[in-house]
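The values are calculated or read from the model by the stated rules, or taken from the named source; none is laboratory data. All values reported here derive from a predicted model rather than from experimental measurement. Neighbour counts are summed over all protein chains in view; Cβ atoms, including those assigned to glycine, are modelled from backbone coordinates with ideal geometry. Each accessible area value is taken on the protein alone, full model and side chains, heavy atoms only, with ligands, DNA and RNA left out. Shrake-Rupley method; radii C 1.70, N 1.55, O 1.52, S 1.80 Å.
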Amino acid sequence: MTKIVNHWIGGKTAEGASGTYGPVTNPATGEVTTKVAFASVEEVDAAVAAAKEAFRTWGQSSLAQRTSILFKFRALLDAHRDEIAELITAEHGKVHSDALGEVARGLEIVDLACGINVQLKGELSTQVTSRVDVASIRQPLGVVAGITPFNFPAMVPMWMFPLAIACGNTFVLKPSEKDPSASVRLAELLAEAGLPEGVFNVVHGDKVAVDRLLEHPDVKAVSFVGSTPIARYIHTTASANGKRVQALGGAKNHMLVLPDADLDAAADAAVSAAYGSAGERCMAISAVVAVGAIGDELVEKIRERAEKIKIGPGDDPTSEMGPLITATHRDKVASYVAGAADEGAEVVLDGTGHTVDGYENGHWIGISLLDKVPTTAKAYQDEIFGPVLCVLRAETYEEALDLVNASPFGNGTAIFTRDGGAARRFQLEVEAGMVGVNVPIPVPVGYHSFGGWKDSLFGDHHIYGNDGTHFYTRGKVVTTRWPDPADAPSGVDLGFPRNH
C-alpha cells in the first residue's frame, strides 16, 4: 500500500481534500513509494487561518515559554536525528552521512533560536531631554511562510521556522513536493515538545499553494530558497502584495587555486565540494579556476580522487554519493556533459552512462570533470545542480578575479593559497556574499547570516543569524515622558518629598 503524506494544520494531520496528489520516488530504485497531497487554495487558507488564530496568544507569549519549548524540540530532534536522516535518504537519495550532516546544520539554528533572548534585547536611552526616555523594541510580524527546496528537506526549513517562532510569529511551511516526509516529522516533534496548535503548519503542493501564500493578505513575510528564476518570481510577486521577502536563488560558485596553493589540499576540497550530495546544493563548487601553470597538475589530482568515489544507494554505508532526485533532473545534468566537447571543453571524466548493479532503474549519474571550459559554454553559465565540475584557466589573479566577478551569480566563492595578502585582497574584492579562504564551502555557522549577492539573493535580508532575527521582527520606537511625582497637584500626596 502506497504511503500518503498529508498536511499538518492546527497541530494535527489534515488529510488532503483537493483530490490531487504528487508522486514521491525513491531515487535509488526509481520506485514511487509515496503520494503527497497537493493543497487547494482553501486548504492553504485553512493553514493560514490556523496560524493567524494561534498568533493571538503565541505573539503575546513570554520568551521563557517559547525558548522552553524550543529546548524540548532540540532534545527530540537530537534523539531522532537518525530517523529524520533515513527519511531524507529515502526520498532525496543522499547518503546517510550527508543526511545526518544536514540535520546537524539545522540543529545549529535551533540552538540559536533557544538563545533568541539575546537577539531580541531592546535599547533604552534615558533622559534624552528633561524626563524623556526613548526605547527601541522588536515585535513579531504575525503569520510568516517558508517555501523550501528538495535538496535540504530538513535543514532549510530549520533555517527559517525556529527563529520565526522564537520571535513570536506563527509559521506555514510549503516544503518541496519531491521529499515531503521530513517536514511532517519535524511538525510532529514540535507538537511533542509542546508547541501550541497552529503555531507551525505544513501544506504540500505546487504552484497553486505557492501563489496563494504569496497573495494571502494575512501572510506578512515569505522566506524562499531555490533557483534564481523562481526566487525572482517569489520576490516580485510577494513584494507586489506588500510582503517582506527574502528569496535566495541559484549559484555558480568558483574556487580560485593560486600557484602557491597546496594542490593536494585543493584537489581534496574541490572533489568534496563539487561532488558531495551529488552536487545538489547551492553552495557546491561547480567551477574551479586554476591560476598560472598549475592547471594540468591540479586537474590530474582531481581526476585521481574523483574516480575513486563509490556511487550507490544512500542507505548503503559504503556509498559516498547517491543518485539524483529525479530521472528528469538526471537527464538534464547529463545533457551538459554531452554537449561540453562541442562547446570547446575537454571532457576528462564522463559519468553520464553510470549505473549501479541491482538498482538499474535508479536516477544514477557518475562523476563528470570538464577541463579548459570556455565561459561561453552552457556547462559554465548555468547552475547544473549535479556532479559536474568545470575547470577554467587564468593566467593571473586579476584575470581570475574578473572572471568570477563577471558571473551573474554571487552566492559563495573560495580561494586556495598560502599567501595571506592575496587572500585578503580576494575577500575584499570578490563580488560574493560568502567567501572561503582555504575553505571550499563557506556556509556560515548559525550565528552568522547566510546569503549571496547579485542574482543569488532577492531582498535585503540574509537568512538566519542576526539578519534572520531582524527579518522576522519589526522595530518600534517608544518615546516616554512621565511627570515627576513631586509635581503632583496640590492635595494629592504620593509620599514624595517636595524638595528635589
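Answer yes or no: is there a residue in the range 287-305 that is of a type in the set (D, E, K, R), assigned to a loop (DSSP other than H, G, I, E, B) and closer than 26 Å to P259 by Cβ. First the steps, then the outcome.
Our first condition is that a residue be of a type in the set (D, E, K, R); within the range 287-305, this holds for 296-297, 300-301, 303-305.
Of the ones still in play, those that are also assigned to a loop (DSSP other than H, G, I, E, B) are none.
Scanning the range 287-305, I find no residue that is of a type in the set (D, E, K, R), assigned to a loop (DSSP other than H, G, I, E, B) and closer than 26 Å to P259 by Cβ, so the answer is no.
Can you name every residue in the range 202-223 that is among the hydrophobic types (A, V, I, L, M, F, W, C) and open to solvent by 10 Å² or more (accessible area, probe 1.4 Å)? Explain how you work it out, then say what you get.
In the first step, residues of the range 202-223 are kept if they are among the hydrophobic types (A, V, I, L, M, F, W, C); the result is 202-203, 208-210, 213-214, 219, 221-222.
Passing the criteria: V208, V210.
Might you check whether a residue that is open to solvent by less than 30 Å² (accessible area, probe 1.4 Å) and either of a type in the set (D, E, K, R) or part of a helix (DSSP H, G or I) (or both) occurs anywhere in the range 54-62?
Going residue by residue through the range 54-62, those that are open to solvent by less than 30 Å² (accessible area, probe 1.4 Å) are 54, 58-59, 61.
Those left that are additionally either of a type in the set (D, E, K, R) or part of a helix (DSSP H, G or I) (or both): 54, 58.
For the range 54-62, residues open to solvent by less than 30 Å² (accessible area, probe 1.4 Å) and either of a type in the set (D, E, K, R) or part of a helix (DSSP H, G or I) (or both): present.
Please go through the range 417-465 and give me each residue that is farther than 29 Å from Y233 by Cα, aliphatic (A, V, I, L, M) and open to solvent by less than 30 Å² (accessible area, probe 1.4 Å), ordered by number. So that I can check it myself, show each step before the final result.
Within the range 417-465, the first condition is being farther than 29 Å from Y233 by Cα, and the residues that meet it are 417-429, 436-440.
Remaining after also requiring aliphatic (A, V, I, L, M): 422-423, 428, 437, 439.
Answer for the range 417-465, where residues must be farther than 29 Å from Y233 by Cα, aliphatic (A, V, I, L, M) and open to solvent by less than 30 Å² (accessible area, probe 1.4 Å): A422, A423.
Among the residues that make up the range 162-179, is at least one of them open to solvent by 20 Å² or more (accessible area, probe 1.4 Å) and not small (G, A, S)?
Residues of the range 162-179 that are open to solvent by 20 Å² or more (accessible area, probe 1.4 Å), as a first pass: 177-178.
Retained after the next criterion (residues that are not small (G, A, S)): 177-178.
Scanning the range 162-179 turns up at least one residue that is open to solvent by 20 Å² or more (accessible area, probe 1.4 Å) and not small (G, A, S).
If you go through the range 17-39 one residue at a time, how many are open to solvent by 20 Å² or more (accessible area, probe 1.4 Å) and within 30 Å of H363 (Cα to Cα)? Steps first, please.
Our first condition is that a residue be open to solvent by 20 Å² or more (accessible area, probe 1.4 Å); within the range 17-39, this holds for 17-21, 23, 25-26, 29-33, 35, 38.
Going one step further and asking which of them are within 30 Å of H363 (Cα to Cα), we end up with 18-21, 23, 25-26, 29-33, 35, 38.
Counting residues in the range 17-39 that are open to solvent by 20 Å² or more (accessible area, probe 1.4 Å) and within 30 Å of H363 (Cα to Cα) gives 14.
Would you be able to tell me the number of residues in the range 454-477 that are over 15 Å from the mean Cα position of the chain (by Cα) and closer than 15 Å to C282 by Cα?
So the answer is 2.
Within the range 285-298, can you find the residues that are open to solvent by less than 10 Å² (accessible area, probe 1.4 Å) and either free of Cβ contacts under 8 Å to residues at least 40 places away in the same chain or aliphatic (A, V, I, L, M) (or both)?
Applying the first criterion (open to solvent by less than 10 Å² (accessible area, probe 1.4 Å)) to the range 285-298 yields 285, 287-291, 295, 298.
The answer is I285, A287, V288, V289, A290, V291, L298.
Yes/no per residue for (1) over 23 Å from E383 (Cα atoms); (2) of a type in the set (D, E, K, R):
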residue: L248; (1), (2): no, no
residue: L258; (1), (2): yes, no
residue: A261; (1), (2): yes, no
residue: V288; (1), (2): no, no
residue: V291; (1), (2): no, no
residue: D296; (1), (2): yes, yes
residue: K301; (1), (2): yes, yes
residue: A306; (1), (2): no, no
residue: P317; (1), (2): yes, no
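Determine if the range 230-241 includes at least one residue that is hydrophobic (A, V, I, L, M, F, W, C), in contact with a strand residue (DSSP E or B) (Cβ under 7 Å, 6 or more places away or on another chain) and closer than 22 Å to W364 by Cα.
We begin by selecting, within the range 230-241, every residue hydrophobic (A, V, I, L, M, F, W, C); these are 230-231, 234, 238, 240.
Next, from what is left, pick out any that are in contact with a strand residue (DSSP E or B) (Cβ under 7 Å, 6 or more places away or on another chain): 231, 234, 238.
Narrowing the set further to residues that are closer than 22 Å to W364 by Cα leaves none.
Checking the range 230-241: not a single residue is hydrophobic (A, V, I, L, M, F, W, C), in contact with a strand residue (DSSP E or B) (Cβ under 7 Å, 6 or more places away or on another chain) and closer than 22 Å to W364 by Cα.
So which residues in the range 311-350 are open to solvent by 70 Å² or more (accessible area, probe 1.4 Å) and not in a helix (DSSP H, G or I)? I'd like the intermediate steps shown before the answer.
Here is the first cut: in the range 311-350, the residues open to solvent by 70 Å² or more (accessible area, probe 1.4 Å) are 315, 317-318, 320, 328, 331-332, 338, 342, 346, 350.
Hits for the range 311-350 are D315, P317, T318, E320, E346, D350.
Among the candidates A85, A75, A79, which residue alone is at pLDDT 95 or above and closer than 20 Å to Y275 by Cβ? Before you say what the answer is, go through the steps one by one.
Numbers: A75 fails: closer than 20 Å to Y275 by Cβ; A79 fails: closer than 20 Å to Y275 by Cβ.
When all the criteria are applied, what remains is A85.
Can you list residue pairs whose Cβ atoms sit under 7 Å apart, with the first residue in the range 440-467 being over 25 Å from A166 (Cα atoms) and the second being among the polar types (S, T, N, Q) and open to solvent by 50 Å² or more (accessible area, probe 1.4 Å)? Count only pairs 6 or more apart in sequence or on different chains.
Close Cβ pairs satisfying both conditions: P440/S272.
Can you tell me how many residues in the range 382-416 are in a loop (DSSP other than H, G, I, E, B), open to solvent by 10 Å² or more (accessible area, probe 1.4 Å) and more than 24 Å from A247 (Cα to Cα)?
2
Across the range 466-490, what is the total count of residues that are open to solvent by less than 50 Å² (accessible area, probe 1.4 Å), modelled with pLDDT of 95 or more and not in a strand (DSSP E or B)?
Looking only at that region, the number is 5.
Could you check the range 155-249 for helices (runs of 4 or more DSSP H) lying wholly inside it with 2 or more residues that are in contact (Cβ under 8 Å) with a residue 24 or more places away in the chain and among the hydroxyl-bearing types (S, T, Y)? Before you say what the answer is, go through the steps one by one.
Details: elements: 155-166, 181-192, 207-215, 228-240.
Where helices (runs of 4 or more DSSP H) fall fully within the range 155-249 and carry at least 2 residues being in contact (Cβ under 8 Å) with a residue 24 or more places away in the chain and among the hydroxyl-bearing types (S, T, Y), they are 181-192, 228-240.
Could you pull out the residue among F496, F458 that is of a type in the set (F, W, Y) and at pLDDT 95 or above?
Working: F496 fails: at pLDDT 95 or above.
From the options F496, F458, the qualifying one is F458.
Among the residues in the range 289-310, are any of a type outside the set (V, I, T), closer than 30 Å to H329 by Cα, modelled with pLDDT of 95 or more and within 24 Å of the chain's Cα centre (by Cα)?
No; the residues of the range 289-310 include none that is of a type outside the set (V, I, T), closer than 30 Å to H329 by Cα, modelled with pLDDT of 95 or more and within 24 Å of the chain's Cα centre (by Cα).
Report yes if some residue within the range 293-304 is at negative phi, touching a strand residue (DSSP E or B) at 6+ places or on another chain (Cβ under 6 Å) and small (G, A, S); otherwise report no.
yes
Residue-by-condition table, conditions (1) closer than 30 Å to T33 by Cα; (2) aromatic (F, W, Y):
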position	(1), (2)
E343	no, no
D350	no, no
T355	yes, no
W364	yes, yes
D371	no, no
